[in-house]
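Worksheet for the structure shown next.
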Amino acid sequence: MENTLNNKWARGVIPALLVSCSIGSVYAWSLFVQPLADKFESSNAEIQFAFSLAIFFLGMSAAFAGKFVEHHIRLATIVSTICFAFGLLTTALAIRQESLILLYLGYGVLMGIGLGIGYISPVKTLMLWFIHHKGLATGIAITGFGIASTIASPIITYLQNKVSLEETFIWLSVIYFIPMALASILIKKPEWYEEKEHGSHRQILRMFLDKRFLAIWIMIYINITSGLALISIASPLAIENGATTIFAATVVGIMGIFNGAGRLVYSSASDYLKNRNQIYLLIFILSIFSVSIAAVLQSSVMVTIMLCIISSTYGAGFSCLPSLLADKFGMDKISSIHGLALTAWAFAGLSGNQLSTWIHDKTGSYTNVLYVLIILYAIGLLMTYVLIQSDRKQEGTKAA
């Protein structure tokens with residue numbers, strides 16, 4: 001029995017999926033926006049700020065909890081479970097009290113911390129269990145996060161039709177607490193791995209002085225900002241370019257499939273590349289090409305194809321990141337370094353949606369967002385080139 005429960009599936013894959021498929025339900029947030037706005041008698045912008053806070057605290061908690069996760073993987077999963085569940089319960093209390101402050105505290109701060117710690121907790125463990133297929137490992141963990149909204153949407157819709165909004169969040173706290181608690185019991189690193197002592201937070205923060213890390217951070221920030229800018233306006237952008245309302249809604253659903261598939265396919269493919277940077281080269285070239293074609297042709301078909309491609313590259317940017325960082329900086333401090341890199345997500349969460357809104361408000365067109373994104377993706381491609389050149393220089397130095 002012990003051998004059955006002490007393998008990469010029971011100790012790595014299953015707990016990773018239990019956590020990521022729970023916390024990834026945050027991407028079903030759009031189902032709550034209008035009901036919450038009606039309940040609080042607030043603007044959608046005030047309600048949306050709770051989601052922006054959640055993404056910000058996801059990135060920041062991942063950055064500052066990295067060392068804690070490295071040494072206490074099971075305790076970290078428990079902390080994530082408690083913060084996520086209590087964040088949902090605090091949101092229920094916020095609804096009862098009709099308090100925006102409590103909403104920001106519950107859904108934004110508490111859930112955000114639970115998201116950040118839970119997001120990085122399974123990643124290193126999976127890479128250790130799949131030491132020769134690190135891309136596949138991170139793809140498994142992060143694909144769960146991507147497809148979670150597809151699982152959560154019917155559950156949330158059912159609850160909203162059966163019980164009050166307050167009770168919906170109470171039930172969700174119970175529904176997600178159970179699998180995450182089970183994950184905290186199961187998760188375990190391979191017995192052969194011996195944890196090493198790491199440096200202080202100050203030493204980890206010095207990573208920003210490393211040209212390679214800085215290039216990766218900018219790449220990730222641009223990919224997430226651009227992805228969020230498009231994902232947040234997918235439906236109105238499609239309608240502006242000739243799609244019907246029903247077709248636009250269908251496109252949004254299909255994008256979720258490409259988002260999840262992109263996380264697994266690209267990261268698994270990266271295991272077979274000599275230099276894992278090349279996967280980001282592909283991501284940015286595909287992004288520039290698809291956005292440029294959609295901007296020029298401006299048809300509902302091309303916009304749909306572009307949105308599906310961007311959804312896949314958006315997801316791929318997340319799943320390929322941990323294995324890329326492990327290749328560059330080693331496995332020993334990967335949770336801390338991965339967490340630090342996710343601060344790019346924190347700031348992109350505050351800028352992505354707002355970029356599209358600002359451009360639309362200034363120009364009256366969602367299509368104009370595409371022209372700005374071509375420039376951003378080009379900068380991301382340049383950062384990939386800088387990273388590849390840096391690697392070549394290092395290889396040349398070693399050869400000499």
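The values are calculated or read from the model by the stated rules, or taken from the named source; none is laboratory data. Here the structure is a predicted model, which is why all the values come from computation and not from measurement. In this analysis, Cβ positions are derived from the backbone assuming ideal geometry, glycine residues included, and neighbour counts consider all displayed protein chains. The protein model used for the area step is the full one, side chains on, heavy atoms only, and it has no ligands, DNA or RNA in it. Shrake-Rupley method; radii C 1.70, N 1.55, O 1.52, S 1.80 Å.
Could you list the GluC sites (Glu not before Pro) in region 43-134 that lie in coil according to DSSP, counting only those with at most 15 other Cβ atoms within 10 Å of their Cβ? The partial results should precede the final answer.
Working: sites: Glu46, Glu70, Glu98; in loops: Glu98.
Those that pass, being in a loop and sparsely packed, are Glu98.
The distance separating the Cα centre of region 47-69 from that of region 256-319 comes to 25 Å. Label-to-label distance, Ile254 versus Ile131, with points set 7 angstrom from Cα along the beta-carbon direction: 4.4 nm. Projected over every direction and averaged, the convex hull enclosing the alpha-carbon atoms of the chain yields 20.1 nm². Rounded to the nearest 20, the Cβ-based charge dipole of the chain about its Cα centre (Lys and Arg +1, Asp and Glu -1) stands at 1040 debye. If a spin label sat at a point 7 angstrom from the Cα of Lys188 along the line to its beta carbon, the backbone N atoms of region 62-80 nearer than 13 Å would be those of 74. Take Ile374, project a point 7 Å from its Cα along the Cβ direction, then tell me which residues of region 223-250 have their backbone nitrogen under 14 Å from it. Flagged as within label range: none.
Placing dummy labels 7 Å off each Cα toward the beta-carbon, the span from Gln97 to Phe289 is 5.3 nm.
Compared with the alpha-carbon gap, the fully stretched path from Thr245 to Val33 is longer by 74.4 nm at 0.36 nm per residue.
Loop-only trypsin sites (Lys or Arg not before Pro) in region 199-275, please: DSSP not H, G, I, E or B, and at most 10 other Cβ atoms within 10 Å.
Lys274
Give me Rg/Rg_expected for region 331-400, where Rg uses Cα atoms only and Rg_expected = 2.2 N^0.38 Å with N residues. Write out the running numbers ahead of the final one.
On the way: Rg = 17.8 Å, N = 70, 2.2 N^0.38 = 11.1 Å.
The reported ratio for this selection is 1.61.
Given a 1.4 Å probe and the protein chains as shown, Tyr107 ends up with an accessible area of around 0 Å². Once you've got the Cα coordinates, tell me which of Lys211/Lys333; Lys274/Lys333; Lys188/Lys211; Lys124/Lys328; Lys274/Lys393; Lys8/Lys393 are over 26 Å apart. Cα-Cα > 26 Å for Lys188/Lys211; Lys8/Lys393; rest within. Within region 254-383, all pairs of alpha-carbon atoms sorted by distance into 5 Å bins from zero give the percentages 2, 10, 16, 21, 23, 14, 8, 4, 2, 0.
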